[in-house]
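To keep things clear, I will list the structure first and then write my remarks on it.
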Amino acid sequence: VTERDDQNGLTRRRLFEALGVAGAGVALGGLPGEVLARRAVPFHGRHQAGIATPAQPRLQLAAFDVTATARGDLRDLLRDWSEAAARITKRERSSGLTITFGLGPALFEPGRFGLDRKRPPGLADLPAFTGDALDPARSGGDLAVQACADDPAVASDAIERLLARGSGATQLRWNQAGFGRSSSTSRKQRTARNLMGFKDGTNNVKAENTRAMSRAVWVGERERPAWMRGGTFLVVRKIRMRLDDWDATPVHRQERIIGRHKKSGAPLGGRREFDPVDLNAGVESGDPRIPTDAHIRLSSPQANGGVRLLRRSYNYRDGVDADGNPDAGLVFIAFSRRLSQFITIQRRLGHRDDALGDFIVHTASAVFACPPGARRGGYVGEGLI
Ligand code: HEM
């Protein structure tokens, strides 16, 4: 059976499971040897799924423009999508599917849906950063739908279903696939590598660290607007890597650019991946162990007034451009309590300071407010509309 049988809601994976085929639930695109949790990730709850829940190996992230002009139509769309998402997530539980919704800044424009007074502070397109080369057609959007799963077909199918249901009220703006989660969001997960070959996510905020999650990620119970409490803000940056240049750079130089050893993931001078990073080592003697322009120094909380992000990025490969160069890199995805957290770090990274800047270019950008999770019978965004 290679095709999905929709009427029975049967997937190839589930058929194998039903047949008791050993290993069928293991790693379609997971890390070698990593057994993927096949428990359902519930759609309903205080927070939306797909944020703090362990990152699955596959991503399909789409942005939509709302064509409907009446507030009631927007509400009906959000309600319908939530109900459908709850059903699809349940049906595709063997693939660990999660669906996460976000609301773009343009929805709050005065005179559009009458939501301007409920706009979360700071929810606006990101400022221009040095070195940006953004494609407007692949940036922005009124609504975001992030589908993550063990199986790429399940993730893209979820988006297509919502697209079909939303026709008449919304249209697709951009749709981006990602693979090989390049961030771990849980201590239980092994750290994956990005396309530059480095472990990515070692020093990420981990979901088990509930203090860091409430300080860095979730909108607090006393913050305004009230409808965002338990929610978070999403930043998406499509970052293309100059992989030919990178691969031509000696490994010891690459390691100084990142600030970590390539093989182990340990900070320079350390031996194990999770060895603590000592940014002060060697600074006084004028020979910092972690170079002044290393990525992990410039993005660290110490360099950014304590600011942190929950990164949940994926690798992408979109073929080659007209010149035959690979279009590949990172779908950088970060969740934070305020968008200013990303802005602070990205400004610090700034093209000239960050040694990594010579090897990457940001080609698309979008931001969304992700409301709290829906209660049973409710929908995401209910508090807003
Ligand atoms: C293609 C672009 C990028 C690549 C290849 C990359 C790669 C890495 C790697 C290998 C690490 C070290 C392992 C880890 O702790 O996760 C790291 C850390 C980090 N990166 Fe990036 N990164 C990229 C873009 C960004 C951007 C745009 C931001 C935010 C504006 C960012 C923020 C961070 C942060 C906060 C850390 C953890 C620093 C620490 O506290 O140790 N990165 N990145």
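Here are some pairs, Lys118/Lys206; Lys90/Lys263; Lys90/Lys262; which of them have Cα atoms lying more than 32 Å apart in this structure? Long pairs (Cα-Cα over 32 Å): Lys90/Lys263; Lys90/Lys262. How large a share of the accessible area of the stretch 124-191, in percent, is made up of carbon and sulfur atoms when the probe is 1.4 Å and the other protein chains stay in place? With neighbouring chains kept in place, the figure for the stretch 124-191 is 51 percent. The long axis of helix 71-91 is offset from the longest Cα principal axis of the chain by roughly 80 degrees. Helix 339-349 axis versus longest C-alpha principal axis of the chain: approximately 30°, rounded to the nearest ten. Between Asp73 and Arg215, the C-beta separation translates, for a Förster distance of 51 Å, into a calculated FRET efficiency of about 0.85. When you restrict to C-alpha pairs under 8 Å that are six or more residues apart and normalise by the size of the chain, the relative contact order lands at 24 percent. Taking the alpha-carbon centroid of each part, what is the distance from the stretch 134-149 to the stretch 94-120 in angstrom? Result: 12 Å between the Cα centres. Using a 1.4 Å probe on the protein heavy atoms only, what accessible surface does Met196 show? Give it in Å² to the nearest 10. Roughly 10 Å² of Met196 is accessible to a 1.4 Å probe. Only the Cβ atoms of Lys and Arg (+1) and of Asp and Glu (-1) were treated as charged; on that basis the dipole of the stretch 246-385 about its Cα centre amounts to roughly 700 debye.
Using the Cβ-Cβ distance between Lys263 and Arg93 with R0 = 45 Å, the FRET efficiency computed as 1/(1 + (r/R0)^6) comes to roughly 0.80. Considering helices alone, the calculated mean residue ellipticity of the chain at 222 nm is -6000 deg cm²/dmol, with DSSP H runs of length four and up weighted by -39500 (n - 2.57) and normalised per residue. Ligands, DNA and RNA left out, the 1.4 Å accessible surface of the stretch 210-286 is 49% carbon and sulfur atoms. In this calculation the C-beta distance from Arg272 to Val320 is compared with R0 = 41 Å, giving a FRET efficiency of 0.60. Placing unit charges on the Cβ atoms of the charged side chains and taking the dipole of the chain about its Cα centre, the candidate lying farthest along the positive direction among Ser214, Ala147, Gly381 is Ser214. Based on protein heavy atoms only, the chain ends up with 46 Å² per residue of surface accessible to a 1.4 Å probe.
The values are calculated or read from the model by the stated rules, or taken from the named source; none is laboratory data. Keep in mind it's a predicted model, so treat the numbers as computed, not measured. We place every Cβ from the backbone using ideal geometry, glycine too, and count neighbours over all the protein chains shown. Surface areas here come from the heavy atoms of the whole protein model, side chains and all, with no ligands, DNA or RNA. Shrake-Rupley method; radii C 1.70, N 1.55, O 1.52, S 1.80 Å.
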